[in-house]
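Student: Quick one: the structure is below, and I'll ask about it shortly.
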Amino acid sequence: DATPEPLLDFVGVSQINPPGDTFQWVARTNFMPLITGGQNPVFKDERETMAAIIRSDFNPRREVYLLPEAKPLVRATNADVKILQPHFAAEEISADVVAAAPTMVVVAQVYYRPWHAYLVGQRVELFRANLGFQAMPVPAGQHHLSLRYEDRSFHLGAGISLTTLAGCCLGVTWIQ
């Protein structure tokens with residue numbers, strides 16, 4: 001089965017191979033930018049969300065699926081949103097967001113715990129959107145949004161490894 005068009009739109013697929021032709025690329029015109037906003041949150045469990053996002057009538061421009069645990073934490077509706085000056089780097093994504101009302105900003109990037117969301121420098125909740133992507137609530141007004149990859153476990157492990165290496169080097173030097 002082919003991937004449904006709305007899901008391809010959501011993840012920003014701009015080129016695709018026609019069926020049976022591996023070497024030809026065809027431009028897609030309906031793809032969405034990787035950062036969008038204004039979607040209405042819909043709260044469904046994982047099974048219901050999977051069924052919804054693979055349907056041909058899924059509308060990622062109007063709705064974003066969040067897990068039911070997010071419902072008490074989200075106060076957002078459909079709203080007009082402008083995403084200005086998006087910037088993508090290895091460990092940070094940022095943009096200026098102008099929202100007419102409290103809403104959601106959705107990023108078509110894989111949800112992974114070391115990613116953290118900041119709104120005007122203050123940490124905000126980052127939710128799993130459409131099963132495996134990212135979304136965060138944004139109040140009305142203009143705000144600077146950034147997503148940063150902050151893997152504290154990696155830094156802790158690197159520190160322990162360097163300390164162990166230094167101990168081994170000192171041990172070898174002391175023995176000789």
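Student: Please check: in the Gaussian network model of the chain (C-alpha springs, under 10 Å), which one of Gly159, Gly121, Gly37 has the largest mean-square fluctuation.
Tutor: Most flexible of the set in this elastic network: Gly159.
Student: Highest GNM mean-square fluctuation, the chain, Cα pairs closer than 10 Å: which of Gln122, Gln24, Gln85?
Tutor: Gln24
Student: What is the Rg over Rh value, at two decimals, for region 38-89, using alpha-carbon atoms and the Kirkwood definition of Rh?
Tutor: Radius of gyration over Kirkwood radius for region 38-89 works out to 1.04.
Student: Related question: To the nearest µm²/s, what D does Stokes-Einstein give for the chain at 20 °C and 1.002 mPa s, using the Kirkwood radius over alpha carbon pairs as Rh?
Tutor: For these conditions, the coefficient is 117 µm²/s.
Student: Kirkwood hydrodynamic radius, computed over distinct alpha-carbon pairs, for region 1-40: how many Å, to one decimal?
Tutor: 11.2
Student: Sticking with this one: Looking only at Tyr65, Tyr111, Tyr149, which one moves most when the chain is put into a Gaussian network model with springs between Cα atoms under 10 Å?
Tutor: Tyr149
Student: Given the Cα-Cα distance of Ala140 and Ser56 and 0.36 nm per residue of separation, how much length would full extension add, in nm?
Tutor: Full extension from Ala140 to Ser56 adds 27.1 nm.
Student: Please work out how much accessible surface Val124 shows to a 1.4 Å probe, ignoring ligands, DNA and RNA, in Å² rounded to 10.
Tutor: Per-residue accessible area (Val124): approximately 40 Å².
Student: Leaving out ligands, DNA and RNA, what percent of the accessible area of the chain is carbon and sulfur, probe 1.4 Å?
Tutor: For the chain, the apolar C and S fraction of the accessible surface comes to 58 percent.
Student: Based on the Kirkwood radius over alpha-carbon pairs, what value in µm²/s does the Stokes-Einstein equation return for the translational diffusion coefficient of region 84-124 at 25 °C and 0.890 mPa s?
Tutor: 209
Student: A further question follows. By how many degrees, 0 to 90 and rounded to 10, does the Cα axis of helix 152-175 deviate from the longest principal axis of the chain?
Tutor: Taking Cα atoms only, the helix is inclined about 20 degrees.
Student: As a test question: what accessible area, to the nearest 10 Å², does Asp80 have when a 1.4 Å probe is rolled over all protein chains in place?
Tutor: 120
Student: Right, here's the next one. Sorted by accessible area (1.4 Å probe), largest first, how do Leu162, Leu66, Leu131, Leu84 line up?
Tutor: Leu162, Leu84, Leu131, Leu66
Student: On a full-extension model of 0.36 nm per residue, what is the gain between Glu5 and Arg113, subtracting their alpha-carbon distance, rounded to one decimal in nm?
Tutor: 36.1 nm
Student: Which percent of Cα-Cα pairs in region 86-176 sits in each 10 Å bin, short to long?
Tutor: Reading upward from the zero bin: 15, 36, 20, 12, 10, 6, 1, 0.
The values are calculated or read from the model by the stated rules, or taken from the named source; none is laboratory data. Small disclaimer: the values here were computed from a predicted structure and weren't measured. Only protein heavy atoms, including side chains, enter the accessible area calculation; ligands, DNA and RNA are left aside. Shrake-Rupley method; radii C 1.70, N 1.55, O 1.52, S 1.80 Å.
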